[in-house]
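The next block holds one structure in the form of structure tokens; read it before the comments.
The values are calculated or read from the model by the stated rules, or taken from the named source; none is laboratory data. The structure presented is a predicted model; accordingly, all values stated were derived computationally and were not measured. For neighbour counting, all protein chains shown are included, and Cβ atoms are generated from backbone atoms with ideal geometry for every residue, glycine included. To get the accessible areas, we keep the full protein, side chains included, count just its heavy atoms, and leave off ligands, DNA and RNA. Shrake-Rupley method; radii C 1.70, N 1.55, O 1.52, S 1.80 Å.
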Amino acid sequence: MAVWVFSEESDGHASASALELISKATTMGDVSVFHIGSGSDAAFSELGAHGATTVFHLTTDDHLPSASAAAALSGLIDEHGVDVVLFGMNNTDRDVGGRLSARLGRPVLANAVDVSTNGAVNVTSEILGGTQSVVTEFTGPGPAIVFVRPKAFAAEPSDGGTPTIVPVATPDTGRSGTAVIVESHVEESEGPDLEAADVVVAGGRGVGSGEKWAVVEDLASQLDAAVGATRAVIDAGWVPARLQVGQTGKTVKPNVYIAAGVSGAMQHLVGMKDSGTIIAVNKDAEAPIFAVADLGIVGDLHQVIPKLTQALQDR
């Protein structure tokens with residue numbers, strides 16, 4: 001089975017989602033990658049190390065990439081007889097995948113947490129806030145276009161070597177391909193990256209206010225952890241939106257997830273329920289977060305968390 005993975009280069013490296021998808025794709029069939037970006041040696045090396053044998057590379061320069069990427073990918077799929085195309089859930093992935101679906105007249109399955117092949121392509125998706133799973137089988141002509149949730153698969157280097165690089169010509173997409181990027185801004189952040197951190201300390205509405213948020217940041221600092229937040233905290237304006245964990249935020253899978261004042265709404269659980277060890281602190285003994293927690297502490301977080309922070313400082 002021919003499985004293709006979409007990859008977008010960022011800061012000279014392949015995206016984390018692409019490496020996760022390639023690792024999964026190697027268990028499904030022959031893996032090729034459609035990669036957009038400047039095409040650094042580091043990015044190509046990462047793609048090969050995770051199992052890509054062939055990388056079709058499209059350079060988009062300063063143009064918005066989606067229109068030309070979808071057009072080029074559509075032509076390659078017709079030429080090479082691709083069975084499955086895997087996309088992450090990043091903005092460009094979704095834009096290119098949506099355009100590809102329109103060009104090919106093929107449906108899209110989104111929010112996948114697993115993909116398997118047994119003659120047909122089967123996609124497992126979570127619904128109802130992650131409380132139920134649905135398996136959908138593609139029965140029509142290929143390719144199956146699948147959007148996969150972050151952290152659904154582990155990015156595991158294989159014995160792959162240097163992939164074969166195939167340059168792709170930029171197709172003429174008319175007016176849709178004329179938009180250019182005139183300026184870029186990178187949001188400044190401190191501490192470990194939320195999606196890659198081994199430890200995450202997340203705060204919920206139970207923290208009380210933005211003025212009390214330091215209790216979360218102080219503990220995170222002692223643990224060299226990333227800081228996360230629930231949708232309610234983001235909506236209240238206590239912290240930036242980039243810290244949101246959940247269905248409409250980021251998906252994390254750290255070794256340890258500490259939830260301080262987090263009630264455990266389904267929308268939040270979707271983004272963190274697969275963490276290694278979940279520790280919850282909440283004064284409400286009936287809070288849903290305790291249903292997924294490995295260790296639960298019923299108490300006022302403003303009494304519990306500072307004592308834990310102090311104990312770490314005294315070590």
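Go through the residues of the stretch 215-231 one by one and say whether even a single one is of a type in the set (A, V, I, L, M), more than 19 Å from Ala293 (Cβ to Cβ) and part of a loop (DSSP other than H, G, I, E, B). For the stretch 215-231, residues of a type in the set (A, V, I, L, M), more than 19 Å from Ala293 (Cβ to Cβ) and part of a loop (DSSP other than H, G, I, E, B): absent.
Here Thr59 meets the list (1) within 25 Å of Met1 (Cβ to Cβ); (2) open to solvent by 10 Å² or more (accessible area, probe 1.4 Å); (3) of a type outside the set (Phe, Trp, Tyr); (4) in contact (Cβ under 8 Å) with a residue 60 or more places away in the chain almost entirely, failing just condition (1). Number of residues in the stretch 284-307 that are over 20 Å from Val233 (Cβ atoms), in contact (Cβ under 8 Å) with a residue 24 or more places away in the chain and surrounded by 14 or more Cβ atoms within 10 Å (Cβ to Cβ) equals 0.
If you go through the stretch 269-283 and pick out every residue that is touching a residue at least 60 places away in the same chain (Cβ under 8 Å) and either out of contact with any Lys or Arg (no Cβ under 7 Å at 6 or more places or on another chain) or open to solvent by 30 Å² or more (accessible area, probe 1.4 Å) (or both), you end up with 7. Can you find a residue in the stretch 104-117 that is without any contact (Cβ under 8 Å) to a residue 24 or more places away in the chain, out of contact with any helix residue (DSSP H, G or I) (no Cβ under 7 Å at 6 or more places or on another chain), surrounded by fewer than 14 Cβ atoms within 10 Å (Cβ to Cβ) and farther than 22 Å from Ala2 by Cβ? No, that holds for no residue.
If I ask for residues that are open to solvent by 30 Å² or more (accessible area, probe 1.4 Å), among the aliphatic types (A, V, I, L, M) and over 24 Å from Glu126 (Cα atoms), which ones from the stretch 228-246 would you list? If the condition is that a residue be open to solvent by 30 Å² or more (accessible area, probe 1.4 Å), among the aliphatic types (A, V, I, L, M) and over 24 Å from Glu126 (Cα atoms), then Ala236 is the only one that fits. Within the stretch 20-51, being touching a Gly at 6+ places or on another chain (Cβ under 9 Å), in a helix (DSSP H, G or I) and either under 18 Å from Asp95 (Cα atoms) or not acidic (Asp, Glu) (or both) holds for Leu21, Ile22, Ser23, Ala25, Ala42, Ala43, Leu47, Gly48, Ala49. Filtered by the rule that a residue be of a type in the set (S, T, N, Q) and under 20 Å from Gly249 (Cβ atoms), the stretch 263-297 gives Ser263, Gln267, Ser275, Asn282.
Scanning the stretch 167-193 for residues that are open to solvent by 100 Å² or more (accessible area, probe 1.4 Å) and assigned to a strand (DSSP E or B) yields a total of 1.
So, Leu73, is that one open to solvent by less than 10 Å² (accessible area, probe 1.4 Å) and either among the aromatic types (Phe, Trp, Tyr) or more than 15 Å from Ser158 (Cα to Cα) (or both) or not? Considered against the rule, which asks whether it is open to solvent by less than 10 Å² (accessible area, probe 1.4 Å) and either among the aromatic types (Phe, Trp, Tyr) or more than 15 Å from Ser158 (Cα to Cα) (or both), Leu73 comes out as yes. With respect to the conditions (1) open to solvent by less than 40 Å² (accessible area, probe 1.4 Å); (2) modelled with pLDDT of 90 or more; (3) not aromatic (Phe, Trp, Tyr), Thr164 lacks only one, and its number is (1).
Selection of strands (runs of 3 or more DSSP E) fully inside the stretch 67-143 by the criterion of at least 1 residues being modelled with pLDDT of 90 or more, within 18 Å of Gly29 (Cβ to Cβ) and touching a Lys or Arg at 6+ places or on another chain (Cβ under 8 Å) returns 84-87, 108-118.
The set of residues in the stretch 82-102 being crowded, with 22+ Cβ neighbours inside 10 Å, within 13 Å of Ser68 (Cα to Cα) and touching a helix residue (DSSP H, G or I) at 6+ places or on another chain (Cβ under 6 Å) consists of Val96, Leu100. Per the conditions (1) open to solvent by 50 Å² or more (accessible area, probe 1.4 Å); (2) touching a Lys or Arg at 6+ places or on another chain (Cβ under 7 Å); (3) closer than 18 Å to His268 by Cβ, the sole criterion not satisfied by Arg205 is (2). Scan the stretch 192-202 for residues that are more than 10 Å from Leu243 (Cα to Cα) and modelled with pLDDT of 90 or more and the total you get is 5.
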